[in-house]
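The structure appears below as structure tokens.
Read-outs: derived from the displayed coordinates by stated rules, not from any lab. Being a predicted model, the structure only gives us computed values, none of them experimental. Please note: Cβ atoms are built from the backbone with ideal geometry, for glycine as well, and neighbour counts cover all protein chains shown.
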Amino acid sequence: MNVHDVVLAGLDSHRLFTALDLSGTFAFAISGAEAARRRRLDWLGVMVVAFAVACGGGVIRDLCIGAVPPAGLADWRYLGIALTAAWLTLVANRLIERIANPVVLFDSLGLGLFAVTGAQKALIYGHNAEVAVLLGLVTAVGGGVVRDVLLNRVPVILQREIYASAALVGAGIAVAGDRLGWASSGLTWIALLACFALRWLSLRYRWNLPRATGGDEEDEDETGR
């Protein structure tokens with residue numbers, strides 16, 4: 001492979017990364033905006049939640065790897081896409097409501113997209129596999145945690161649903177492929193689809209992680225004291 005081919009491959013990888021990152025921003029922004037709309041927030045509140053959900057995880061990731069200022073704050077495209085998604089949710093809410101579980105659908109898409117791009121960006125900045133997987137997880141679940149906190153809900157990551165586990169699978173596949181020398185656009189799509197499929201199928205078939213036992217009894221004992 002000559003220098004020209006290497007440069008073209010790098011450009012293609014950068015374009016794919018940017019496209020996936022912006023797509024994840026759009027998906028998470030819609031999930032945040034729709035959740036905020038259902039809580040009957042005003043238009044400003046919906047847009048604030050949409051932006052916080054879309055860029056929250058990425059901002060945390062960038063601060064951790066030293067990519068400052070974070071892309072979600074420095075690149076106008078992230079703000080523009082988040083606000084556009086929020087506006088579409090507000091003006092075309094009837095169309096979005098026709099989609100079965102729109103919040104879950106777009107949240108699952110964003111989860112897969114951000115798990116992969118979060119891990120890839122950590123690798124680009126020279127961090128090891130462990131850091132890359134963990135930051136892929138943080139990027140993927142950070143927005144959902146911000147959404148649930150702002151809307152006064154128990155974060156999904158703290159419930160029984162397979163959420164963070166799906167993000168770990170997606171990030172793990174992306175990082176493992178890179179370390180084994182299999183890094184390619186095809187592997188990126190495999191990692192993304194694995195995360196999305198695991199999250200979506202777990203909801204469809206009610207797969208859950210095991211729950212710790214004995215908590216209710218202990219709570220009752222403490223209440224009775």
Positive-pole candidate from Ala164, Gly181, Thr139, dipole of region 10-209, charges at beta carbon: Ala164
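Note down the relative contact order for the chain as a percent, whole number, built from C-alpha pairs under 8 angstrom at least six residues apart.
Details: 322 pairs, mean separation 46.5, N = 225.
Worked out over the chain, it gives 21 percent.
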Karplus (6.51, -1.76, 1.60) ³J(HN,Hα), θ = phi - 60°, over region 54-67, in Hz, Gly and Pro reported as x: 5, 10, x, x, x, 5, 4, 4, 5, 5, 5, 9, x, 8
Qualifying trypsin sites (Lys or Arg not before Pro) for region 45-111 [loop in DSSP, other Cβ within 10 Å: at most 11]: Arg98
5 Å binning of all Cα-Cα separations within region 92-217, expressed as whole percents from 0 upward: 2, 12, 19, 20, 18, 13, 9, 5, 2, 0, 0
Largest-first ellipsoid semi-axes for the chain, taking √(5λ) over the Cα gyration tensor eigenvalues, angstrom: 30, 23, 16
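Looking at region 170-207, which trypsin sites (Lys or Arg not before Pro) are DSSP coil and have at most 15 other C-beta atoms within 10 Å of their C-beta?
On the way: sites: Arg179, Arg199, Arg204, Arg206; in loops: Arg206.
Answer by residue number: Arg206.
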